[in-house]
1. For segment 132-150, what are the residues that are farther than 19 Å from Leu92 by Cβ and either buried (at least 24 other Cβ atoms within 10 Å of the Cβ) or modelled with pLDDT under 75 (or both)?
2. Of the numbered conditions (1) modelled with pLDDT of 90 or more; (2) on the phi > 0 side of the Ramachandran plot, Ala384 satisfies every one except a single condition; which is it?
3. Checking Gln229 against (1) surrounded by fewer than 20 Cβ atoms within 10 Å (Cβ to Cβ); (2) outside the structural domain of Ala118 (by TED's automatic domain parsing); (3) modelled with pLDDT of 90 or more, which test does it fail?
4. Within segment 172-189, track down each residue that is surrounded by fewer than 18 Cβ atoms within 10 Å (Cβ to Cβ) and either in the same structural domain as Leu257 (by TED's automatic domain parsing) or closer than 10 Å to Gly96 by Cα (or both).
5. Can you spot a residue in segment 241-252 that is of a type in the set (D, E, K, R) and without any contact (Cβ under 8 Å) to a residue 24 or more places away in the chain?
6. Going residue by residue through segment 180-188, is there one that turns out to be within 30 Å of Ala128 (Cα to Cα) and not hydrophobic (A, V, I, L, M, F, W, C)?
7. Hey, can you tell me all the residues within segment 265-300 that are under 21 Å from Leu224 (Cα atoms) and among the aromatic types (Phe, Trp, Tyr)?
8. Mind telling me which of the residues Pro193, Pro197 ends up being more than 30 Å from Pro238 (Cβ to Cβ), in contact with a His (Cβ under 7 Å, 6 or more places away or on another chain) and at pLDDT 75 or above?
Amino acid sequence: METTYDTRLLGDRAAWGAVLSMALCVAVLIASEFMPVSLLTPVALDLGITEGRTGQVVSISGIFAVVTSLFVAGLTKHIDRKLVLVSFSLLLVVSGLVVTFAPNYAVMMIGRALLGVAIGGFWSMSTAIVMRLVPEDAVPKGLAMINAGNAIAATVSAPLGSLLGDHVGWRGAFFLVVPLALIALVWQWLSLPSLPPRGRRRSGNVFRLLARPQVGLGMASILLLFMGQFALFTYLRPFLETITGVGVSALSAILLLMGLAGVAGTWVIGQLLKTRLYSVLIVIPLVMALLATALIGFGSMPVPVTILLIGWGFLGTAAPVGWGTWLSRALRDDAEAGGGLQVAVIQFAITLGAATGGLLFDILGWWSPFALGAILLLGSALAAAAAAIDHRKEAR
């Protein structure tokens, strides 16, 4: 099988160096994906478009990530996995340059589409490659290192983007990813061994997994969770600046507090998942729906808004940990196919949530994506509850 550990001659030190190079690339990918959230206003002003249209730069990367995650394995099945991974890192560099020097909205969207291809391809293949780099008993540690890059980027990208945008402009903020992506690319080229493609059993269409009620309900909950989260989160900056009335420094501080709360939430909820998996999966979107509703009511009050957003960060960042744990249990017999499907669902949800939120933002006003987020998150909680009921039926 392709995921069998086959780099014993590489050496532990070199293998972990290769994993670290992948973790750096993941951090840069995620930072690039979500940096526009804190730069919507200056980008919109510079390119002469609305903030709602600017929010579509998040949507376009998600669309291309979805398509890539579903088809990359088949399209690259005869190519050395090292070359495939390095190619996605190179695409990340190209994307950063295109976005930085984009003269207009159309070119910027092209750069963001290239980023989506890099995100979908890299994420879809990362687990299988880690499983070939390290022994089976070290795979959880390797995947934890990859996800650490994700968590760090999710924590610092928004506040760092806001801060850099204020001092060096939004183009300077986007350009920051280019040297980091180049470092990741060179590091991967030097540290990754050759990983020739291997013959494997035909796994069939990943959508076949949705025929299982437990999987279908779980994926529905994931879809609604990320749609609701990003319908709101994508438009936080214009909300905080125009409704709450905070300046750039306060905005950066709030986003940083949200990120730090997310790190804490990931640890706390990670402990609860050992014994209360489905309770956590139900409570997280339910409480986030209440927070979204409260933000509409307290939108003009900086202190309550800050407290509510800290709670949002605490829960929102931890949610993927819960669903990752669910995947490892519900699809223990087909985790690789399930992982590809989950990546596609999450990216599609981010795309749809940001796009729909942007349309509502422009048509009905700032409150509408917040209301949409609350409704979708409530739906996620209901779908998770249905999955819990189905799990209990299967366990009998």
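1. Taking segment 132-150 first, the residues farther than 19 Å from Leu92 by Cβ are 132-144.
Result: Leu133, Glu136, Asp137, Ala138, Val139, Pro140, Lys141, Gly142, Leu143, Ala144.
2. Failing condition for Ala384: (2).
3. Of the numbered conditions (1) surrounded by fewer than 20 Cβ atoms within 10 Å (Cβ to Cβ); (2) outside the structural domain of Ala118 (by TED's automatic domain parsing); (3) modelled with pLDDT of 90 or more, the odd one out for Gln229 is (1).
4. Just the residues of segment 172-189 that are surrounded by fewer than 18 Cβ atoms within 10 Å (Cβ to Cβ), to begin with: 172, 175, 179, 182-183, 186, 189.
The answer is Phe175, Pro179.
5. Narrowing segment 241-252 to residues of a type in the set (D, E, K, R): 241.
This time we only want the ones that are without any contact (Cβ under 8 Å) to a residue 24 or more places away in the chain, so: none.
No, that holds for no residue.
6. Initial filter on segment 180-188 (within 30 Å of Ala128 (Cα to Cα)): 180-188.
Still in the running and not hydrophobic (A, V, I, L, M, F, W, C): 188.
Within segment 180-188 (the criterion being within 30 Å of Ala128 (Cα to Cα) and not hydrophobic (A, V, I, L, M, F, W, C)), the answer is yes, since at least one residue qualifies.
7. Listed by number, the list holds a single entry, Tyr278.
8. On the way: Pro193 fails: in contact with a His (Cβ under 7 Å, 6 or more places away or on another chain).
Just one listed residue meets the conditions, Pro197.
The values are calculated or read from the model by the stated rules, or taken from the named source; none is laboratory data. Remember, predicted model here, so these are calculated numbers, not experimental data. In this analysis, Cβ positions are derived from the backbone assuming ideal geometry, glycine residues included, and neighbour counts consider all displayed protein chains.
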